[in-house]
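Data first, discussion second: the structure below is written as structure tokens.
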Amino acid sequence: MSCPYQNICGGCRYRDHTPSEYKQLKRDAFNRTLQGLVAQPLIRDDDIFIADGTRRRAGLTFRHTKNNLILGFNAHRSNEVINIDSCALLTPALNSFLPTLRRLLTELVAEPFTRKLKGRKVEKFFLQQGDVHLCEADNGIDVVLEFPEDLELNHRQLIFELMANTPALIRLSHRRRADSPAETIVEKAAPLIRIADIDVFIPAGTFLQASKASETALINLVMRYLGGTSGRIADLFCGIGTFSYPLSSVKSNKILAVDSSAPALEAFRRSVQKNMLSNITIENKNLFKYPLDAATLKDFSAVIFDPPRAGAKAQVSALAELAPSSRPEKIIAVSCNPQSFVADANILINTGYILARLSMVDQFVYSPHSELVALFTSHTEGLK
């Protein structure tokens with residue numbers, strides 16, 4: 001699909017290629033990265049390409065100068081914001097919402113903010129810039145406004161009115177920074193996504209797989225690679241529990257889900273309680289600093305890890321240090337960064353794990369980035 005912004009926007013580096021050229025370009029780049037592995041996968045499964053127009057979450061930037069509101073994405077390797085009316089990557093629902101978002105921001109930047117000066121003096125000023133995070137949940141659209149100013153009564157009234165007149169918008173929140181908690185301004189319904197036939201709550205501004213299609217593809221690969229392996233399973237860097245839910249459908253499984261994001265785990269616990277899932281245990285732990293140790297890992301039949309882009313060096317090193325008799329039958333790695341995956345994989349391979357299977361999932365459509373799922377086994381019998 002062509003896009004009027006494809007030559008200037010930084011989001012779709014490869015949109016000007018034909019579909020076949022694009023797929024080959026992504027495969028070639030991915031394969032070059034995999035050359036850094038000390039041992040290639042025994043089985044390279046088919047690559048999975050996600051369709052255009054399916055991205056359900058996005059972060060946009062806005063700027064307000066000279067009575068003009070600019071809303072869009074950054075140009076390639078630039079701080080310049082490309083003003084957009086729609087984005088070919090996004091779902092139809094998110095594109096349909098963009099005019100409403102633009103109207104809200106236009107009204108917000110026209111309403112003054114106040115700040116206290118020395119003494120009793122008060123200064124009025126206007127919002128100049130910020131970010132907006134959109135997510136299409138299964139039951140509506142979730143929005144997080146991000147800028148350092150606190151919303152005042154006049155701004156909240158604008159938001160209330162917009163929410164009342166926009167059925168598709170179910171929650172709007174505000175946070176001062178990317179690392180600060182989001183305050184819910186209005187919530188008409190708790191945003192939900194459905195995973196493995198389970199309604200899952202999502203916190204404001206949380207990480208989700210880029211599209212429902214890519215989420216499904218990753219879950220299917222994890223479950224396929226897991227095969228008949230069951231018992232105690234660790235879901236590390238679990239987030240809201242994307243892989244724990246399908247794992248929990250096997251009643252003989254006992255899942256330990258670990259992450260350090262308090263908002264994600266709070267939503268995860270709420271979902272587990274609502275759905276009365278008794279075979280999931282959730283733990284808040286920083287796996288970068290405090291990876292699961294040998295005493296904890298020795299009884300697991302499988303370990304799944306899906307770390308941020310930096311990879312999971314500390315946790316992978318702990319897995320590599322396990323005695324052969326204590327190693328899980330299978331380790332399944334999910335990675336959004338093939339470079340850090342190669343570093344993690346080499347630690348496992350160099351200590352005797354077998355890289356059995358691997359598949360690329362092109363969920364970051366028309367970008368240089370790729371996702372992957374890989375299966376490691378502790379012995380050849382684990383390939384069954």
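In straight-distance terms, cross-link reach from Lys121 covers every one of the lysines whose alpha-carbon lies under 30 Å from its own, apart from those fewer than eight places away in the same chain; here that gives Lys66.
Take 86-94, 299-307 and order them by the average number of nearby Cβ atoms within 10 Å per residue, most first; the result is 299-307, 86-94.
Placing unit charges on each Cβ (+1 for Lys and Arg, -1 for Asp and Glu) gives the chain a dipole about its Cα centre, and among Ala234, Leu134, Thr106 the Cα reaching farthest toward its positive end belongs to Thr106.
Using a 1.4 Å probe, what is the accessible area per residue for the chain, in Å²?
46 Å²
Which shape class, rounded, prolate or oblate, goes with the chain when its Cα gyration tensor gives a ≥ b ≥ c as root eigenvalues, a/c under 1.5 marks rounded, and past that a/b bigger than b/c marks prolate? Since a/c reaches 1.5 and a/b is larger than b/c, the shape of the chain is classed as prolate.
Only four residue types carry charge here, +1 at the Cβ of Lys and Arg and -1 at the Cβ of Asp and Glu. Report the dipole size of the chain about the Cα centre in Debye, rounded to the nearest 20. Mind showing how you got there, number by number?
Working: 45 positive and 40 negative charges, 126 e Å.
Dipole magnitude for the chain comes out near 600 debye.
Backbone amide hydrogens, once placed in the peptide plane, bring Asn279 within less than 5 Å of nothing, excluding anything fewer than 5 places away on its chain.
Along each principal axis, taking the top coordinate minus the bottom one, the Cα set of the range 144-281 gives 58, 28, 26 Å in descending order. Exactly which trypsin sites (Lys or Arg not before Pro) in the range 1-92 are in a DSSP loop and have at most 14 other Cβ atoms within 10 Å? For trypsin sites (Lys or Arg not before Pro) across the range 1-92 that sit outside H, G, I, E and B with at most 14 neighbouring Cβ atoms in 10 Å, the list reads Lys66, Arg77.
Residue pairs exceeding 27 angstrom between C-alpha atoms, taken from Lys251/Lys330; Lys188/Lys251; Lys212/Lys298; Lys285/Lys330; Lys251/Lys289; Lys254/Lys313: Lys188/Lys251; Lys212/Lys298; Lys251/Lys289.
For a quick protection proxy, order the peptides 125-135, 273-283 by their average other-Cβ count within 10 Å, most packed first. It would help to have the intermediate numbers written out before the result.
Working: 125-135: 16.7, 273-283: 14.2.
Ranked from most to least packed, the peptides come out as 125-135, 273-283.
Each residue of the range 264-274 was assigned a 3J(HN,Hα) from its phi angle through the Karplus curve 6.51 cos²θ - 1.76 cosθ + 1.60 (θ = phi - 60°); the sequence is 5, 5, 4, 5, 4, 4, 4, 5, 4, 5, 4 Hz, with glycine and proline shown as x. In the complete set of protein chains, residue-level accessible area for Asp52 is approximately 40 Å², probe 1.4 angstrom.
Karplus-derived 3J(HN,Hα) values for the range 130-142, using 6.51 cos²θ - 1.76 cosθ + 1.60 with θ = phi - 60°, are x, 10, 9, 10, 10, 9, 8, 7, 6, 10, x, 9, 10 Hz; glycine and proline are entered as x.
Using a probe of 1.4 Å on the protein chains alone, the accessible area found for Ile202 is around 10 Å².
Residues whose amide H lies under 5 Å from that of Gly130, counting only those 5 or more places away or on a different chain, are Phe62; hydrogens are built 1.01 Å from N in the peptide plane.
Under a 5 Å amide H cut-off, with hydrogens placed 1.01 Å from N, Gly231 pairs with Asn253, Lys254 among residues at least 5 apart or on other chains.
Dividing the C-alpha radius of gyration of the range 34-131 by 2.2 N^0.38 Å, with N its residue count, gives 1.70. Of the residues Ala39, Phe125, Ser271, the one whose Cα sits farthest towards the positive end of the charge dipole of the chain is Phe125 (charges of +1 on Lys and Arg Cβ, -1 on Asp and Glu Cβ, taken about the Cα centre).
Couplings for the range 161-173, taken from phi via the Karplus curve 6.51 cos²θ - 1.76 cosθ + 1.60 with θ = phi - 60°, read 5, 4, 4, 5, 9, 10, x, 5, 8, 9, 8, 9, 10 Hz in order; Gly and Pro are left as x. Sorting Lys118, Lys124 by accessible area puts them as Lys118, Lys124; the probe is 1.4 Å, largest comes first, and only protein heavy atoms count.
The values are calculated or read from the model by the stated rules, or taken from the named source; none is laboratory data. Computed from a prediction, not measured in an experiment: that's the story for all the values here. Counting neighbours? That spans all protein chains shown, and the Cβs are built from the backbone with ideal geometry, glycine included. Remember, those area values only see protein heavy atoms, side chains included, never the ligands or the DNA or RNA. Shrake-Rupley method; radii C 1.70, N 1.55, O 1.52, S 1.80 Å.
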